[in-house]
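The values are calculated or read from the model by the stated rules, or taken from the named source; none is laboratory data. Small disclaimer: the values here were computed from a predicted structure and weren't measured. Backbone-built Cβ (ideal geometry, glycine too); neighbour counts: all protein chains shown.
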Amino acid sequence: MKKSIVAVVAAVVLLIGVAAVAGDAPDLRGTWKVETIKMFSRAHGYKEVAAPSSVFVIEEQKGTLFCGEKKWTARGKEHSEGFNGAVTHRSEILISEFDDGFCSGELLSNDSMILHYVESGETARTMVYELKRVK
């Protein structure tokens, strides 16, 4: 009987702890400027771009879930793509882009994150984004 009570108390304490962690999601809303991009594709090989004109704008967040838009300029033409994502209790960032690709990364501080992007198919590529929050 005592073991059952201890198990129930331990489960309640664990659930309260998980609820507290889930409620403490960092506020990611705002504009995140891409500081550098490192990329590799079979077609173009390795390439690094310093100070690209790219941003991730997180427009809405409810708890650990968020959505927004990625905007960038390539070859003089402006592009954008919507995304949605989540931040885990370990400050991991997961982003699914609407058209193609997936990002996984980490919130390094309140104003800094790193994202690893992968895209499959004929134009498969991998990128690493280093981002800073625009204040």
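Are any residues in region 98-113 within 17 Å of Ile37 (Cα to Cα) and either among the polar types (S, T, N, Q) or at pLDDT 95 or above (or both), and if so, which ones? Even if it seems obvious, please write down each step before you answer.
Step one: list which residues in region 98-113 are within 17 Å of Ile37 (Cα to Cα), which gives 101-108, 112-113.
Result: Phe102, Cys103, Ser104, Gly105, Glu106, Leu107, Leu108, Ser112, Met113.
Considering each residue of region 30-89, count those that are among the aromatic types (Phe, Trp, Tyr) and in contact (Cβ under 8 Å) with a residue 60 or more places away in the chain, and give that number. Break it down into steps so the answer makes sense when it comes.
Residues of region 30-89 that are among the aromatic types (Phe, Trp, Tyr), as a first pass: 32, 40, 46, 56, 66, 72, 83.
Applying the additional criterion that residues be in contact (Cβ under 8 Å) with a residue 60 or more places away in the chain yields 32, 40, 56.
Total satisfying the criteria: 3.
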Residues located in region 58-97, provided they are under 17 Å from Trp32 (Cβ atoms), among the hydrophobic types (A, V, I, L, M, F, W, C) and out of contact with any Phe, Trp or Tyr (no Cβ under 6 Å at 6 or more places or on another chain): Leu65, Phe66, Cys67, Trp72, Phe83, Ala86, Val87, Ile93, Leu94
Search result, residues across region 51-74 that are among the small types (Gly, Ala, Ser) and farther than 14 Å from Ala86 by Cα: Ala51, Ser53, Ser54, Ala74
Mind checking which residues of region 55-97 are at pLDDT below 95 and within 20 Å of Lys135 (Cα to Cα)? Trp72
Per the filter on region 120-135, residues modelled with pLDDT of 95 or more and of a type in the set (Asp, Glu) are Glu130
Considering only residues that are more than 18 Å from Ile58 (Cβ to Cβ) and either in contact with a His (Cβ under 7 Å, 6 or more places away or on another chain) or among the hydrophobic types (A, V, I, L, M, F, W, C) (or both), which ones fall in region 85-135? Val118, Ala124, Met127, Val128
